[in-house]
Amino acid sequence: MGVQEKYQAVLEQTSRVTTFALTLPMLVHQRGLLQLHRQLPRDLLQPSLYNYGASPPTSVLPLGVCEGDCDFDSDCASGLTCLQRGLNAGPVPGCNGRDNGKTDYCVSRNASPSAPTGPSPTPPAPTSNSVSQDFKLKMYWEEGYYWQEETFERKWCMRCRDGDCEIGDKLYIETCSDDGVERFDFDYVNSEEVLIKVHGTDRCLERSNKEVYIRSCDSGKSSQRWWAANGGFDEYRFEISQLGATNLCVTQRHHPKADELIHMEPCELPRSSDTSFWERCYSNEC
């Protein structure tokens, strides 16, 4: 072997020794971190909840994982979904911390809570029922709807917050099994329009711009006469609108959760989230 070849061999050997000497501490350090990572409690490895409030500033949109408050999936970064939550919803999946309020957070689509075991309820078959008294007004649900990232129905109905609809009250949604859920009557004004009356009273739903209030019944007021934009009040489902505002529908707008306000929105918004239809629900059904 010539001098040049010997010199090249020494350089290669020196390089291998130097590389090993530099790499060994890094491997030891990484192995230690990996071992520490395995020993940490799982919740410390998850992002913490952060609430920007009901109207996050545009500078933070789209929201990141475990950030809120969101209303739609479009409020969240790519790959995340807006987890719609009810009161006292407990832990947010995939996030560290706890929020017992109504804040909706962006979470990974894979972190959404799963439905309880057992078959999903079968939606009622379409029927035509002329009975129009003493029923709850329930948000219509059918198999295939995906409210709150859930494939099962919770049954949401209209109610006044104090459980007793008085003049000037607004309406909210609550689970239909709640004792305070109101019952209603349809009082037909003509072949297309009805008064929606609190059962057994002379109090009716009335629209004021986009708000819905309880007022003394007056069939002469167009703001109290309700029209089915789709379906029919004697059918198995219907959208609640008015002939003077056919572009607006009664809704709580997006995937339902407890204590959300009932009001009027452009119909395309609740239609886009499968929350535009209502149905009559009797005691033996809800």
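The values are calculated or read from the model by the stated rules, or taken from the named source; none is laboratory data. Predicted model only: the values in this text are computed from it and were never measured. Quick reminder, even Gly has a Cβ in these numbers, built from the backbone with ideal geometry, and neighbours come from all protein chains shown.
For the stretch 274-286, check the following and say yes or no: at least one residue is modelled with pLDDT of 90 or more, over 16 Å from Met158 (Cα atoms) and either under 24 Å from the mean Cα position of the chain (by Cα) or among the small types (Gly, Ala, Ser) (or both).
yes
Of all residues in the stretch 209-221, which are out of contact with any Lys or Arg (no Cβ under 9 Å at 6 or more places or on another chain) and under 21 Å from Thr251 (Cα atoms)?
Asn209, Lys210
Against the condition touching a helix residue (DSSP H, G or I) at 6+ places or on another chain (Cβ under 6 Å) and among the hydroxyl-bearing types (Ser, Thr, Tyr), how does Ser283 come out, does it pass? Full working, then the answer.
Values: touching a helix residue (DSSP H, G or I) at 6+ places or on another chain (Cβ under 6 Å): no; among the hydroxyl-bearing types (Ser, Thr, Tyr): yes.
No.
From Glu174, Glu153, Glu193, Glu235, grab the single residue that is within 16 Å of Tyr140 (Cα to Cα), over 25 Å from the mean Cα position of the chain (by Cα) and not β-branched (Val, Ile, Thr). Show your work before the answer.
Numbers: Glu174 fails: over 25 Å from the mean Cα position of the chain (by Cα); Glu153 fails: over 25 Å from the mean Cα position of the chain (by Cα); Glu193 fails: within 16 Å of Tyr140 (Cα to Cα).
Answer to the selection: Glu235.
Where the second residue is in a loop (DSSP other than H, G, I, E, B) and surrounded by fewer than 21 Cβ atoms within 10 Å (Cβ to Cβ) and the first is outside the structural domain of Cys249 (by TED's automatic domain parsing) and without any contact (Cβ under 8 Å) to a residue 24 or more places away in the chain and lies in the stretch 194-219, which pairs have Cβ atoms under 7 Å and are six or more apart or on separate chains?
From the stretch 194-219, no pairs qualify.
Residues being among the hydrophobic types (A, V, I, L, M, F, W, C), in a loop (DSSP other than H, G, I, E, B) and farther than 14 Å from Gln224 by Cβ: count how many of those fall in the stretch 167-180.
1
For Ala125, indicate whether it is more than 15 Å from the chain's Cα centre (by Cα), closer than 26 Å to Cys176 by Cβ, at pLDDT below 90 and not hydroxyl-bearing (Ser, Thr, Tyr). Break it down stepwise before answering.
Working: more than 15 Å from the chain's Cα centre (by Cα): yes; closer than 26 Å to Cys176 by Cβ: yes; at pLDDT below 90: yes; not hydroxyl-bearing (Ser, Thr, Tyr): yes.
For Ala125, the condition - more than 15 Å from the chain's Cα centre (by Cα), closer than 26 Å to Cys176 by Cβ, at pLDDT below 90 and not hydroxyl-bearing (Ser, Thr, Tyr) - is met.
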